[in-house]
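Written below as structure tokens is the structure these notes are about.
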Ligand SMILES: *Cc1c(COP(=O)(O)O)cnc(C)c1O
């Protein structure tokens with residue numbers, strides 16, 4: 001028997017979440033963002049649930065090629081653009097759309113020999129200060145791109161830093177509109193947070209990622225409670241041992257937890273080598289036998305320990321959910337001081353994953 005730990009990808013949840021993105025942005029086309037191996041879900045496993053999209057956004061040329069092999073003939077967008085002149089051959093071969101965020105990339109396109117024009121998304125830095133041309137330099141970049149023979153359609157693109165946060169997007173929208181004024185072409189601005197919370201930024205194409213996987217852009221479960229989004233990944237395991245300890249006994253490495261009374265401790269086959277965060281503190285929620293209980297003691301490489309007080313019937317073989325359909329990943333993430341994005345992307349290679 002393999003270890004009882006596994007992850008399940010819920011195809012119906014992915015399809016549901018894509019439909020919800022459409023419901024929120026009914027006039028926009030959708031780039032379903034599947035970078036980082038579909039946020040850890042597996043590109044091939046996520047594809048059937050997301051194939052009703054208009055296009056896929058990702059970063060790696062290898063992932064783009066894989067999508068073509070899976071039979072996807074529609075648009076594929078390289079969200080970060082490309083890095084070497086030889087990348088352009090791959091872009092040409094697989095008919096990819098690419099972000100262009102700097103003069104070096106424009107120069108490579110000017111020198112390239114292409115079999116057909118490549119569509120680009122010219123990226124503006126509207127305040128995130130990561131990638132793109134400033135509003136002041138944007139028009140010149142667009143003029144230059146327009147003059148490149150090998151460039152086909154030019155879409156105008158920017159990315160928000162605070163679409164899920166109090167600062168919001170007004171300052172970036174203002175910068176974007178200033179830089180893009182009078183320039184023709186489709187617009188692509190919105191990540192999941194802007195799809196959900198900033199309809200004024202939907203424009204022609206939206207780029208949802210995290211919402212497709214059923215987690216919150218803000219990392220706060222309550223923020224998506226009324227959206228109908230459903231978790232697309234469940235990480236589940238089993239109890240592989242139970243210890244009944246006396247008051248004063250400590251649990252695990254570093255003796256960080258000491259039992260206040262006699263209690264039962266469940267040992268779960270899941271540790272940080274599986275992608276569960278080692279920093280998750282005492283009190284992090286875990287579901288055992290359908291009951292929400294809590295982590296106690298330090299997470300070790302292959303195991304973690306839970307308080308079985310609320311689930312007296314639990315024993316070896318009892319089902320454990322680390323996150324998923326019954327336990328929002330953001331609840332676990334926020335307890336560990338991070339966001340659902342990081343946990344789903346960090347699922348370790350050794351965890352068997354299957355789609356249902
Ligand atoms: C990752 C990414 C997205 C998706 O962001 P979410 O917050 O997951 O919706 C959209 N656009 C770009 C450029 C990205 O890199």
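Which one of 99, 25, 52 has the biggest mean-square fluctuation once the chain is modelled by GNM with Cα springs under 10 Å?
In this elastic network of the chain, the residue with the biggest mean-square fluctuation among 99, 25, 52 is 52.
Rounding to the nearest 10 and keeping the result within 0 to 90°, find how far the Cα-based axis of helix 135-146 lies from the longest principal axis of the chain.
So the helix axis and the longest Cα principal axis differ by about 60 degrees.
Would you please put 232-238, 3-9, 158-164 in order of how densely packed they are, using the mean number of other Cβ atoms within 10 angstrom per residue and starting with the highest?
Details: 232-238: 24.4, 3-9: 19.6, 158-164: 22.3.
Ranked by mean Cβ neighbours within 10 Å, highest first: 232-238, 158-164, 3-9.
If you find the alpha carbon centre of the stretch 168-213 and of the stretch 90-139, how far apart are they in angstrom?
18
If you take the alpha carbon radius of gyration of the stretch 11-213 and divide it by 2.2 N^0.38 Å, what ratio comes out, to two decimals?
Numbers: Rg = 16.2 Å, N = 203, 2.2 N^0.38 = 16.6 Å.
Cα-based Rg divided by the globular estimate yields 0.98.
Pairs of Cα atoms under 8 Å, at least six residues apart: use those to get the relative contact order of the stretch 11-213, whole percent.
Working: 392 pairs, mean separation 43.7, N = 203.
After rounding, I find 22 percent.
At 7 Å along Cα-to-Cβ for each site, give me the label-to-label distance between residue 95 and residue 171 in nm.
My value for the distance between the label points is 4.2 nm.
When you count, for each residue, the other Cβ atoms within 10 Å and take the mean per peptide, how do 140-146, 200-206 rank with the highest first? Show your work: numbers first, answer last.
Details: 140-146: 15.9, 200-206: 19.6.
The peptides rank, most packed first, as 200-206, 140-146.
If R0 is 22 Å, what FRET efficiency do you get for residue 73 and residue 27 from their C-beta distance, rounded to 0.05? Mind dumping the intermediate values first?
Values: r = 24 Å, r/R0 = 1.09.
With R0 = 22 Å, the Cβ-Cβ based efficiency is 0.35.
In what sequence, highest mean first, do 174-185, 317-328 appear when ranked by Cβ atoms within 10 angstrom? The partial results should precede the final answer.
Values: 174-185: 15.1, 317-328: 19.5.
Packing proxy ranking, top to bottom: 317-328, 174-185.
Sort the stretch 1-63 into rounded, prolate or oblate with this rule: let a ≥ b ≥ c be the square roots of the eigenvalues of the Cα gyration tensor; rounded if a/c is under 1.5, and if a/c is not under 1.5, prolate when a/b is larger than b/c, oblate otherwise.
Details: a/c = 3.21, a/b = 1.59, b/c = 2.02.
Oblate.
Would you mind getting the Kirkwood hydrodynamic radius of the chain from its Cα pairs, rounded to one decimal in Å? Don't skip to the end; give the middle numbers.
Values: mean 1/r = 0.0456 Å⁻¹.
Answer for the chain: a Kirkwood hydrodynamic radius of 21.9 Å.
Relative contact order for the chain using alpha-carbon pairs under 8 Å, separation at least 6, rounded to a whole percent? Walk me through the intermediate numbers first.
On the way: 818 pairs, mean separation 65.3, N = 356.
Over the chain, the number comes to 18 percent.
Just so you know, all these numbers are worked out from the coordinates, no wet-lab data involved. All values derive from a computational prediction rather than experimental measurement. A quick note on method: Cβ atoms are made from the backbone with ideal geometry, for glycine too, and the neighbour counts reach across all protein chains shown.
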